[in-house]
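Let me begin by presenting the structure, written as C-alpha coordinates, before commenting on it.
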Amino acid sequence: MKTKNKIESFLQPVGKGVSAIFSKAALFSTVFSLLAVLLIAGCGGTSDENNQTLSSADIVCDPDNGGITLPDGFCASLVVDSIGPARHIAIAPNGDIYVKTRTEQGGIAALRDTTGDYKADIIEHFSDMTPMRNGILWETGMAVHNGYIWASNTEAVYRWPMPDNGALVPDGDPEIVVSGFPEQQSHDSKSITFDDSGYLYVNVGAPSNACQQQPRTPGSLGEDPCSQLERQAGIWRFSANTLGQTQQDDGTHYATGIRNVVGLDWNSSDNALYVAQHGRDQLNQLWPDLYTQEDNAELPAEEIFRITEGANAGWPYCYYDQRLGQKVLAPEYGGDGVEVGRCSEYLDPVTAFPGHWAPNALLFYTGEHFPVRYQGGAFVAFHGSWNRAPLPQQGYKVSFIPFDDGGLSSDYETFADGFAGTDSISGPGEAEHRPMGLAMAPDGALYISDSKIGRIWRVVYSGDN
(Lines give C-alpha, C1' and ligand atoms only; values in the text may rest on other atoms or scores of the structure.)
Protein backbone atom coordinates (compact mmCIF):
# COMPACT_ATOMS: atom_id res chain seq x y z
CA MET A 1 0.00 0.00 0.00
CA LYS A 2 2.88 2.39 0.68
CA THR A 3 4.13 1.86 -2.87
CA LYS A 4 0.64 2.57 -4.25
CA ASN A 5 0.33 5.81 -2.22
CA LYS A 6 3.68 7.09 -3.47
CA ILE A 7 2.66 6.40 -7.07
CA GLU A 8 -0.68 8.22 -6.57
CA SER A 9 1.17 11.25 -5.12
CA PHE A 10 3.37 11.27 -8.19
CA LEU A 11 0.39 10.95 -10.53
CA GLN A 12 -1.63 13.89 -9.11
CA PRO A 13 0.34 16.72 -10.76
CA VAL A 14 1.16 14.67 -13.80
CA GLY A 15 -2.43 13.58 -14.30
CA LYS A 16 -3.68 17.22 -14.51
CA GLY A 17 -1.38 17.96 -17.44
CA VAL A 18 -2.22 14.91 -19.49
CA SER A 19 -5.88 14.43 -18.69
CA ALA A 20 -6.83 15.02 -22.30
CA ILE A 21 -4.83 11.98 -23.32
CA PHE A 22 -4.88 9.64 -20.37
CA SER A 23 -7.18 9.24 -17.45
CA LYS A 24 -5.55 9.19 -14.04
CA ALA A 25 -6.53 5.52 -13.69
CA ALA A 26 -5.00 4.56 -17.01
CA LEU A 27 -1.74 6.34 -16.22
CA PHE A 28 -1.64 4.77 -12.76
CA SER A 29 -2.08 1.33 -14.34
CA THR A 30 0.70 1.96 -16.84
CA VAL A 31 3.22 3.19 -14.31
CA PHE A 32 2.33 0.52 -11.76
CA SER A 33 2.77 -2.21 -14.39
CA LEU A 34 6.17 -0.81 -15.38
CA LEU A 35 7.24 -0.65 -11.75
CA ALA A 36 6.11 -4.25 -11.20
CA VAL A 37 8.19 -5.42 -14.16
CA LEU A 38 11.25 -3.61 -12.79
CA LEU A 39 10.75 -5.08 -9.33
CA ILE A 40 10.42 -8.62 -10.71
CA ALA A 41 13.52 -8.20 -12.85
CA GLY A 42 15.48 -7.13 -9.80
CA CYS A 43 14.28 -9.95 -7.53
CA GLY A 44 15.27 -13.17 -9.29
CA GLY A 45 12.62 -13.21 -12.03
CA THR A 46 13.25 -14.85 -15.39
CA SER A 47 16.20 -13.32 -17.19
CA ASP A 48 17.93 -14.05 -20.47
CA GLU A 49 21.19 -14.58 -18.60
CA ASN A 50 20.33 -17.51 -16.35
CA ASN A 51 16.58 -18.09 -16.76
CA GLN A 52 15.93 -18.18 -13.02
CA THR A 53 12.37 -18.01 -11.76
CA LEU A 54 13.18 -18.39 -8.06
CA SER A 55 14.21 -15.50 -5.84
CA SER A 56 17.61 -15.59 -4.17
CA ALA A 57 15.92 -16.61 -0.91
CA ASP A 58 14.67 -19.77 -2.65
CA ILE A 59 18.15 -20.87 -3.73
CA VAL A 60 18.81 -23.08 -0.71
CA CYS A 61 21.95 -25.21 -0.88
CA ASP A 62 23.72 -27.55 1.50
CA PRO A 63 27.50 -27.14 1.58
CA ASP A 64 28.01 -30.66 0.20
CA ASN A 65 24.83 -30.77 -1.92
CA GLY A 66 23.55 -33.53 0.35
CA GLY A 67 26.38 -35.78 -0.76
CA ILE A 68 25.87 -35.65 -4.53
CA THR A 69 27.66 -33.96 -7.41
CA LEU A 70 25.95 -31.67 -9.92
CA PRO A 71 26.92 -29.61 -12.98
CA ASP A 72 28.37 -26.14 -12.46
CA GLY A 73 25.68 -23.65 -11.50
CA PHE A 74 23.47 -26.21 -9.74
CA CYS A 75 23.23 -27.03 -6.05
CA ALA A 76 21.10 -29.22 -3.80
CA SER A 77 19.71 -29.37 -0.29
CA LEU A 78 18.17 -32.19 1.71
CA VAL A 79 14.41 -31.96 2.17
CA VAL A 80 14.56 -34.93 4.51
CA ASP A 81 17.38 -37.31 5.39
CA SER A 82 15.51 -40.57 5.92
CA ILE A 83 11.82 -41.42 5.69
CA GLY A 84 12.36 -45.08 4.85
CA PRO A 85 12.84 -46.63 1.40
CA ALA A 86 11.19 -44.18 -1.01
CA ARG A 87 9.80 -44.90 -4.44
CA HIS A 88 8.07 -42.43 -6.75
CA ILE A 89 7.43 -38.85 -5.69
CA ALA A 90 4.89 -36.12 -6.56
CA ILE A 91 4.51 -32.47 -5.58
CA ALA A 92 1.24 -30.60 -5.07
CA PRO A 93 0.63 -27.05 -6.33
CA ASN A 94 1.18 -25.71 -2.78
CA GLY A 95 4.55 -27.46 -2.49
CA ASP A 96 3.47 -30.41 -0.32
CA ILE A 97 5.36 -33.58 -1.23
CA TYR A 98 3.88 -37.08 -1.52
CA VAL A 99 6.23 -40.06 -1.57
CA LYS A 100 5.53 -43.74 -2.03
CA THR A 101 7.45 -45.68 0.61
CA ARG A 102 8.06 -49.31 1.38
CA THR A 103 7.87 -49.07 5.15
CA GLU A 104 5.84 -50.34 8.06
CA GLN A 105 4.53 -46.83 8.86
CA GLY A 106 2.35 -46.56 5.79
CA GLY A 107 2.30 -46.62 2.01
CA ILE A 108 2.56 -42.85 1.37
CA ALA A 109 4.56 -40.24 3.26
CA ALA A 110 3.27 -36.66 3.08
CA LEU A 111 5.83 -33.91 3.73
CA ARG A 112 5.32 -30.21 4.40
CA ASP A 113 7.68 -27.29 4.99
CA THR A 114 6.15 -24.63 7.26
CA THR A 115 9.27 -22.53 7.88
CA GLY A 116 10.33 -21.64 4.33
CA ASP A 117 13.69 -23.42 4.44
CA TYR A 118 12.57 -26.22 2.05
CA LYS A 119 13.10 -28.86 4.71
CA ALA A 120 10.17 -31.05 5.77
CA ASP A 121 9.16 -30.28 9.35
CA ILE A 122 5.80 -32.10 9.19
CA ILE A 123 5.66 -35.74 8.04
CA GLU A 124 2.48 -37.83 8.06
CA HIS A 125 1.72 -41.27 6.64
CA PHE A 126 -1.43 -42.60 5.01
CA SER A 127 -2.67 -45.40 2.71
CA ASP A 128 -2.62 -49.12 3.41
CA MET A 129 -3.79 -50.19 -0.02
CA THR A 130 -1.31 -53.01 -0.55
CA PRO A 131 -0.99 -56.41 1.13
CA MET A 132 2.19 -56.71 3.16
CA ARG A 133 5.17 -58.29 1.46
CA ASN A 134 8.06 -59.27 3.71
CA GLY A 135 6.59 -57.04 6.41
CA ILE A 136 6.30 -53.88 4.29
CA LEU A 137 3.67 -52.18 2.13
CA TRP A 138 4.70 -52.71 -1.50
CA GLU A 139 3.80 -49.68 -3.60
CA THR A 140 5.38 -47.60 -6.37
CA GLY A 141 3.16 -45.28 -8.45
CA MET A 142 2.65 -41.69 -7.25
CA ALA A 143 1.20 -38.58 -8.91
CA VAL A 144 -0.66 -35.34 -8.29
CA HIS A 145 -2.95 -34.70 -11.23
CA ASN A 146 -6.14 -32.79 -11.99
CA GLY A 147 -7.10 -32.16 -8.37
CA TYR A 148 -6.33 -35.66 -7.06
CA ILE A 149 -3.56 -37.54 -5.32
CA TRP A 150 -2.99 -40.65 -7.43
CA ALA A 151 -1.21 -43.84 -6.44
CA SER A 152 -0.86 -47.43 -7.56
CA ASN A 153 0.13 -50.74 -6.08
CA THR A 154 0.68 -54.13 -7.66
CA GLU A 155 -3.06 -54.61 -8.16
CA ALA A 156 -4.80 -51.30 -8.83
CA VAL A 157 -4.65 -47.57 -9.55
CA TYR A 158 -6.54 -45.33 -7.10
CA ARG A 159 -6.94 -41.70 -6.04
CA TRP A 160 -8.06 -39.29 -3.34
CA PRO A 161 -9.36 -35.74 -3.82
CA MET A 162 -6.70 -33.23 -2.83
CA PRO A 163 -7.04 -32.39 0.90
CA ASP A 164 -8.80 -29.13 1.69
CA ASN A 165 -8.86 -26.67 4.60
CA GLY A 166 -5.09 -26.84 4.91
CA ALA A 167 -4.94 -30.59 5.57
CA LEU A 168 -1.84 -32.48 4.47
CA VAL A 169 -3.33 -35.95 4.01
CA PRO A 170 -6.72 -36.95 2.56
CA ASP A 171 -9.51 -38.52 4.58
CA GLY A 172 -11.03 -41.92 4.05
CA ASP A 173 -10.49 -44.65 1.51
CA PRO A 174 -9.44 -43.85 -2.04
CA GLU A 175 -11.53 -44.23 -5.17
CA ILE A 176 -10.52 -47.25 -7.26
CA VAL A 177 -9.92 -46.17 -10.85
CA VAL A 178 -8.53 -49.38 -12.39
CA SER A 179 -8.12 -52.91 -11.07
CA GLY A 180 -8.18 -56.47 -12.40
CA PHE A 181 -4.52 -56.77 -13.41
CA PRO A 182 -2.94 -60.23 -13.54
CA GLU A 183 -1.40 -61.49 -10.32
CA GLN A 184 2.37 -61.83 -10.62
CA GLN A 185 5.51 -61.64 -8.50
CA SER A 186 8.06 -60.37 -11.02
CA HIS A 187 7.83 -56.83 -12.41
CA ASP A 188 4.48 -56.23 -10.76
CA SER A 189 4.66 -52.47 -10.06
CA LYS A 190 2.00 -50.50 -11.92
CA SER A 191 3.74 -47.23 -12.78
CA ILE A 192 1.47 -44.48 -14.10
CA THR A 193 1.36 -41.23 -16.06
CA PHE A 194 -1.24 -39.04 -17.82
CA ASP A 195 -1.59 -37.30 -21.18
CA ASP A 196 -3.29 -33.99 -21.97
CA SER A 197 -6.51 -35.56 -23.25
CA GLY A 198 -7.89 -37.27 -20.16
CA TYR A 199 -6.11 -40.61 -20.39
CA LEU A 200 -4.20 -42.63 -17.82
CA TYR A 201 -1.31 -44.90 -18.87
CA VAL A 202 -0.30 -47.94 -16.80
CA ASN A 203 2.69 -50.23 -17.18
CA VAL A 204 1.97 -53.93 -16.86
CA GLY A 205 5.36 -55.63 -16.71
CA ALA A 206 6.33 -59.06 -17.98
CA PRO A 207 6.29 -61.72 -15.24
CA SER A 208 9.56 -63.19 -16.51
CA ASN A 209 13.01 -62.38 -17.80
CA ALA A 210 12.73 -63.64 -21.38
CA CYS A 211 9.53 -65.73 -21.59
CA GLN A 212 11.52 -68.98 -21.41
CA GLN A 213 9.69 -72.28 -21.25
CA GLN A 214 11.66 -72.94 -18.05
CA PRO A 215 12.24 -69.53 -16.40
CA ARG A 216 15.88 -68.43 -15.99
CA THR A 217 17.16 -71.88 -16.95
CA PRO A 218 20.33 -72.19 -19.10
CA GLY A 219 19.53 -73.25 -22.63
CA SER A 220 15.74 -73.13 -22.24
CA LEU A 221 14.03 -71.85 -25.38
CA GLY A 222 11.36 -69.15 -25.35
CA GLU A 223 7.63 -69.53 -25.82
CA ASP A 224 6.76 -68.63 -29.40
CA PRO A 225 4.41 -66.89 -29.45
CA CYS A 226 4.92 -65.60 -25.92
CA SER A 227 1.59 -65.87 -24.09
CA GLN A 228 2.59 -63.16 -21.62
CA LEU A 229 2.16 -60.51 -24.33
CA GLU A 230 -1.61 -60.85 -24.19
CA ARG A 231 -2.07 -58.93 -20.93
CA GLN A 232 1.47 -58.14 -19.75
CA ALA A 233 4.73 -56.75 -21.10
CA GLY A 234 3.10 -53.57 -22.35
CA ILE A 235 1.37 -50.26 -21.70
CA TRP A 236 -2.40 -50.00 -21.16
CA ARG A 237 -4.51 -46.86 -21.51
CA PHE A 238 -7.63 -45.98 -19.50
CA SER A 239 -9.91 -43.03 -18.92
CA ALA A 240 -8.54 -40.85 -16.13
CA ASN A 241 -12.07 -39.68 -15.29
CA THR A 242 -13.91 -42.99 -14.84
CA LEU A 243 -14.01 -45.10 -11.70
CA GLY A 244 -14.33 -48.88 -11.42
CA GLN A 245 -12.53 -49.82 -14.63
CA THR A 246 -10.82 -53.16 -15.19
CA GLN A 247 -7.94 -53.98 -17.48
CA GLN A 248 -9.80 -56.44 -19.67
CA ASP A 249 -13.16 -54.65 -19.90
CA ASP A 250 -12.08 -51.02 -20.17
CA GLY A 251 -8.39 -50.86 -21.09
CA THR A 252 -6.81 -50.17 -24.45
CA HIS A 253 -3.71 -52.28 -25.12
CA TYR A 254 -1.69 -49.22 -26.14
CA ALA A 255 1.74 -50.79 -26.74
CA THR A 256 3.33 -54.23 -26.44
CA GLY A 257 6.71 -55.96 -26.47
CA ILE A 258 7.98 -53.92 -23.50
CA ARG A 259 9.58 -56.04 -20.77
CA ASN A 260 9.09 -53.69 -17.83
CA VAL A 261 8.71 -49.94 -17.37
CA VAL A 262 9.07 -48.20 -14.01
CA GLY A 263 9.67 -44.70 -15.42
CA LEU A 264 7.32 -43.13 -17.96
CA ASP A 265 6.10 -39.63 -18.80
CA TRP A 266 3.91 -37.85 -21.33
CA ASN A 267 5.69 -35.21 -23.41
CA SER A 268 3.25 -32.44 -24.33
CA SER A 269 5.68 -30.75 -26.71
CA ASP A 270 5.44 -33.58 -29.23
CA ASN A 271 2.23 -35.18 -27.90
CA ALA A 272 3.71 -38.60 -27.22
CA LEU A 273 4.32 -41.10 -24.44
CA TYR A 274 7.92 -41.91 -23.53
CA VAL A 275 8.92 -44.95 -21.48
CA ALA A 276 12.18 -46.28 -20.02
CA GLN A 277 12.47 -50.04 -20.39
CA HIS A 278 14.44 -52.36 -18.12
CA GLY A 279 16.32 -54.72 -20.43
CA ARG A 280 16.58 -58.45 -19.91
CA ASP A 281 19.15 -60.17 -17.67
CA GLN A 282 21.65 -63.04 -17.64
CA LEU A 283 22.81 -63.45 -21.23
CA ASN A 284 26.07 -65.05 -20.11
CA GLN A 285 24.57 -67.17 -17.33
CA LEU A 286 21.85 -68.55 -19.60
CA TRP A 287 23.85 -68.75 -22.85
CA PRO A 288 27.56 -69.01 -21.91
CA ASP A 289 28.59 -70.31 -25.35
CA LEU A 290 27.33 -67.11 -26.99
CA TYR A 291 28.08 -64.34 -24.48
CA THR A 292 31.06 -63.40 -22.31
CA GLN A 293 30.89 -61.87 -18.85
CA GLU A 294 31.66 -58.50 -20.46
CA ASP A 295 28.73 -58.99 -22.87
CA ASN A 296 26.52 -59.86 -19.92
CA ALA A 297 27.47 -56.65 -18.11
CA GLU A 298 26.91 -54.31 -21.06
CA LEU A 299 23.96 -55.94 -22.82
CA PRO A 300 21.23 -55.36 -23.58
CA ALA A 301 20.73 -51.60 -23.60
CA GLU A 302 18.34 -49.82 -21.28
CA GLU A 303 16.00 -48.17 -23.81
CA ILE A 304 13.99 -44.96 -23.96
CA PHE A 305 11.09 -45.41 -26.38
CA ARG A 306 8.78 -42.86 -27.94
CA ILE A 307 5.49 -44.77 -27.89
CA THR A 308 2.47 -44.32 -30.12
CA GLU A 309 -0.66 -46.47 -30.11
CA GLY A 310 -0.01 -49.92 -31.54
CA ALA A 311 3.77 -49.81 -31.03
CA ASN A 312 5.69 -53.07 -30.55
CA ALA A 313 9.18 -52.90 -29.01
CA GLY A 314 9.97 -56.57 -29.67
CA TRP A 315 10.35 -58.23 -26.26
CA PRO A 316 10.98 -61.14 -25.73
CA TYR A 317 12.04 -61.98 -29.25
CA CYS A 318 14.63 -59.23 -29.55
CA TYR A 319 16.91 -56.95 -27.56
CA TYR A 320 18.81 -53.80 -28.48
CA ASP A 321 22.62 -53.95 -28.72
CA GLN A 322 23.83 -50.38 -28.29
CA ARG A 323 27.31 -51.39 -29.45
CA LEU A 324 25.96 -52.57 -32.81
CA GLY A 325 23.30 -49.88 -32.90
CA GLN A 326 20.50 -52.31 -33.73
CA LYS A 327 18.04 -54.84 -32.41
CA VAL A 328 19.17 -58.47 -32.60
CA LEU A 329 17.40 -61.78 -32.17
CA ALA A 330 17.38 -63.12 -28.61
CA PRO A 331 19.13 -66.47 -28.04
CA GLU A 332 15.90 -68.02 -26.75
CA TYR A 333 14.55 -67.55 -30.28
CA GLY A 334 17.56 -68.73 -32.25
CA GLY A 335 19.76 -65.63 -32.11
CA ASP A 336 23.54 -65.69 -31.91
CA GLY A 337 24.19 -62.13 -30.74
CA VAL A 338 24.46 -60.79 -34.30
CA GLU A 339 21.49 -62.06 -36.33
CA VAL A 340 18.69 -59.49 -36.77
CA GLY A 341 15.97 -61.66 -38.30
CA ARG A 342 12.43 -60.60 -37.39
CA CYS A 343 13.78 -57.81 -35.14
CA SER A 344 13.89 -55.38 -38.07
CA GLU A 345 10.09 -55.11 -37.66
CA TYR A 346 10.15 -53.68 -34.14
CA LEU A 347 10.46 -50.24 -32.60
CA ASP A 348 13.97 -48.91 -31.98
CA PRO A 349 14.81 -46.72 -28.99
CA VAL A 350 15.36 -42.98 -29.26
CA THR A 351 18.09 -43.19 -26.60
CA ALA A 352 20.05 -46.26 -25.47
CA PHE A 353 22.01 -46.56 -22.22
CA PRO A 354 24.42 -49.31 -21.09
CA GLY A 355 22.88 -52.47 -19.72
CA HIS A 356 21.37 -52.96 -16.28
CA TRP A 357 21.47 -49.37 -15.04
CA ALA A 358 17.76 -49.80 -14.11
CA PRO A 359 15.90 -46.64 -15.21
CA ASN A 360 13.23 -46.14 -12.55
CA ALA A 361 12.00 -42.61 -13.29
CA LEU A 362 11.60 -40.52 -16.45
CA LEU A 363 10.67 -36.83 -16.22
CA PHE A 364 10.37 -34.16 -18.89
CA TYR A 365 11.45 -30.81 -17.51
CA THR A 366 8.66 -28.33 -18.26
CA GLY A 367 9.77 -25.55 -15.90
CA GLU A 368 11.63 -22.33 -16.57
CA HIS A 369 13.96 -22.24 -13.57
CA PHE A 370 16.74 -24.35 -15.12
CA PRO A 371 18.77 -22.88 -18.01
CA VAL A 372 17.23 -23.00 -21.47
CA ARG A 373 19.22 -26.03 -22.64
CA TYR A 374 17.49 -28.17 -19.98
CA GLN A 375 13.98 -27.00 -20.77
CA GLY A 376 12.01 -29.64 -22.65
CA GLY A 377 14.66 -32.29 -22.05
CA ALA A 378 14.28 -35.45 -19.98
CA PHE A 379 15.84 -36.55 -16.72
CA VAL A 380 16.26 -40.28 -16.01
CA ALA A 381 16.90 -41.70 -12.52
CA PHE A 382 18.93 -44.91 -12.60
CA HIS A 383 18.39 -47.18 -9.63
CA GLY A 384 21.62 -49.10 -10.29
CA SER A 385 22.45 -52.60 -11.39
CA TRP A 386 22.66 -55.89 -9.53
CA ASN A 387 23.61 -58.30 -12.33
CA ARG A 388 26.83 -57.02 -13.93
CA ALA A 389 28.96 -59.27 -11.71
CA PRO A 390 31.80 -60.14 -11.66
CA LEU A 391 32.28 -56.70 -13.18
CA PRO A 392 31.49 -53.66 -10.98
CA GLN A 393 27.88 -52.56 -10.80
CA GLN A 394 26.86 -49.30 -12.52
CA GLY A 395 24.04 -46.80 -12.70
CA TYR A 396 23.20 -45.05 -9.41
CA LYS A 397 22.90 -41.63 -11.06
CA VAL A 398 20.53 -39.19 -12.74
CA SER A 399 21.16 -38.55 -16.43
CA PHE A 400 19.87 -35.82 -18.73
CA ILE A 401 18.77 -36.19 -22.37
CA PRO A 402 18.41 -32.97 -24.40
CA PHE A 403 15.33 -32.41 -26.56
CA ASP A 404 16.70 -31.31 -29.94
CA ASP A 405 15.09 -30.76 -33.34
CA GLY A 406 11.65 -31.92 -32.19
CA GLY A 407 12.74 -35.08 -30.40
CA LEU A 408 14.86 -36.58 -27.64
CA SER A 409 18.53 -36.78 -28.50
CA SER A 410 20.37 -40.07 -28.78
CA ASP A 411 23.08 -38.47 -26.65
CA TYR A 412 22.93 -38.14 -22.88
CA GLU A 413 25.02 -36.79 -20.01
CA THR A 414 25.35 -37.33 -16.30
CA PHE A 415 23.44 -34.71 -14.30
CA ALA A 416 23.62 -35.94 -10.70
CA ASP A 417 26.07 -38.50 -9.38
CA GLY A 418 27.72 -39.68 -6.17
CA PHE A 419 24.63 -41.42 -4.78
CA ALA A 420 26.42 -44.72 -4.30
CA GLY A 421 29.07 -43.09 -2.12
CA THR A 422 31.91 -45.04 -3.73
CA ASP A 423 33.35 -45.44 -7.21
CA SER A 424 33.14 -49.21 -7.37
CA ILE A 425 30.59 -51.55 -5.81
CA SER A 426 29.97 -55.25 -6.29
CA GLY A 427 26.27 -55.14 -5.39
CA PRO A 428 23.45 -52.68 -4.68
CA GLY A 429 23.65 -53.38 -0.95
CA GLU A 430 26.95 -51.49 -0.89
CA ALA A 431 25.41 -48.29 -2.31
CA GLU A 432 24.68 -45.55 0.22
CA HIS A 433 21.76 -44.27 -1.87
CA ARG A 434 19.88 -45.38 -4.99
CA PRO A 435 18.06 -42.74 -7.10
CA MET A 436 14.45 -43.77 -7.55
CA GLY A 437 11.88 -41.00 -8.17
CA LEU A 438 11.88 -37.62 -9.89
CA ALA A 439 9.45 -34.71 -9.62
CA MET A 440 9.38 -31.06 -10.60
CA ALA A 441 7.94 -28.50 -8.19
CA PRO A 442 5.73 -25.62 -9.42
CA ASP A 443 8.73 -23.29 -9.02
CA GLY A 444 10.89 -25.46 -11.31
CA ALA A 445 13.08 -27.10 -8.66
CA LEU A 446 13.90 -30.78 -9.27
CA TYR A 447 13.33 -33.36 -6.53
CA ILE A 448 15.07 -36.76 -6.35
CA SER A 449 14.11 -39.61 -4.01
CA ASP A 450 16.31 -42.43 -2.70
CA SER A 451 15.13 -46.00 -2.17
CA LYS A 452 17.72 -47.01 0.45
CA ILE A 453 16.84 -44.81 3.45
CA GLY A 454 14.45 -42.30 1.94
CA ARG A 455 16.65 -39.26 1.44
CA ILE A 456 15.10 -36.54 -0.76
CA TRP A 457 17.12 -33.88 -2.56
CA ARG A 458 15.90 -30.51 -3.90
CA VAL A 459 18.03 -29.36 -6.85
CA VAL A 460 18.04 -25.70 -7.93
CA TYR A 461 20.02 -23.53 -10.32
CA SER A 462 22.07 -20.91 -8.53
CA GLY A 463 23.63 -19.34 -11.62
CA ASP A 464 27.11 -19.56 -10.11
CA ASN A 465 29.36 -20.88 -12.86
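The values are calculated or read from the model by the stated rules, or taken from the named source; none is laboratory data. None of these values were measured; they are calculated from a predicted model. Backbone-built Cβ (ideal geometry, glycine too); neighbour counts: all protein chains shown.
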query = Is segment 357-378 home to any residue that is under 19 Å from GLU302 (Cβ atoms) and modelled with pLDDT under 95?
reply = no
message = Given the criteria modelled with pLDDT of 95 or more, surrounded by 15 or more Cβ atoms within 10 Å (Cβ to Cβ) and within 25 Å of HIS187 (Cα to Cα), does ALA143 qualify?
response = yes
request  = Can you confirm whether segment 332-351 contains a residue that is in a strand (DSSP E or B), within 28 Å of GLY141 (Cα to Cα) and touching a strand residue (DSSP E or B) at 6+ places or on another chain (Cβ under 9 Å)?
outcome  = yes
message = Given the options GLY384, GLY355, name the one that is within 30 Å of ASP270 (Cα to Cα), buried (at least 23 other Cβ atoms within 10 Å of the Cβ), more than 16 Å from the chain's Cα centre (by Cα) and assigned by TED's automatic domain parsing to the domain that holds ASP224.
response = GLY355
Segment 413-426, subset assigned to a loop (DSSP other than H, G, I, E, B) and surrounded by 16 or more Cβ atoms within 10 Å (Cβ to Cβ), residue modelled with the lowest pLDDT = ILE425
query = Can you tell me which residues in segment 318-331 are surrounded by 17 or more Cβ atoms within 10 Å (Cβ to Cβ) and either touching a Cys at 6+ places or on another chain (Cβ under 7 Å) or small (Gly, Ala, Ser) (or both)?
reply = CYS318, LYS327, VAL328, LEU329, ALA330
inquiry  = With the structure loaded, tell me whether GLN185 is under 30 Å from LEU290 (Cβ atoms), surrounded by fewer than 21 Cβ atoms within 10 Å (Cβ to Cβ) and either free of Cβ contacts under 8 Å to residues at least 60 places away in the same chain or in contact with a helix residue (DSSP H, G or I) (Cβ under 6 Å, 6 or more places away or on another chain) (or both) or whether it fails that test.
reply    = yes
task = Please enumerate the residues belonging to segment 313-330 that are out of contact with any Ser or Thr (no Cβ under 8 Å at 6 or more places or on another chain) and either of a type in the set (Asp, Glu) or outside any loop (DSSP other than H, G, I, E, B) (or both).
result = CYS318, TYR319, TYR320, ASP321, GLN326, VAL328, LEU329
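This table checks each residue for (1) modelled with pLDDT of 70 or more; (2) within 18 Å of SER191 (Cβ to Cβ); (3) over 22 Å from the mean Cα position of the chain (by Cα).
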residue	(1), (2), (3)
TYR98	yes, yes, no
THR101	yes, yes, no
ARG112	yes, no, no
ALA120	yes, no, no
PRO131	no, no, yes
inquiry  = If I filter segment 427-465 down to residues being in a loop (DSSP other than H, G, I, E, B) and of a type in the set (Asp, Glu), which single residue comes out as modelled with the lowest pLDDT?
reply    = ASP464
key: strands (runs of 3 or more DSSP E) wholly inside segment 257-312 containing at least 3 residues that are touching a Ser or Thr at 6+ places or on another chain (Cβ under 8 Å) and touching a residue at least 60 places away in the same chain (Cβ under 8 Å)   = 261-267
query = What pairs come up if the first residue lies in segment 110-124 and is outside any loop (DSSP other than H, G, I, E, B), the second is of a type in the set (Asp, Glu), and their beta carbons are under 6 Å apart, counting only those six or more places apart or on different chains?
reply = ALA110/GLU124; ARG112/ASP96
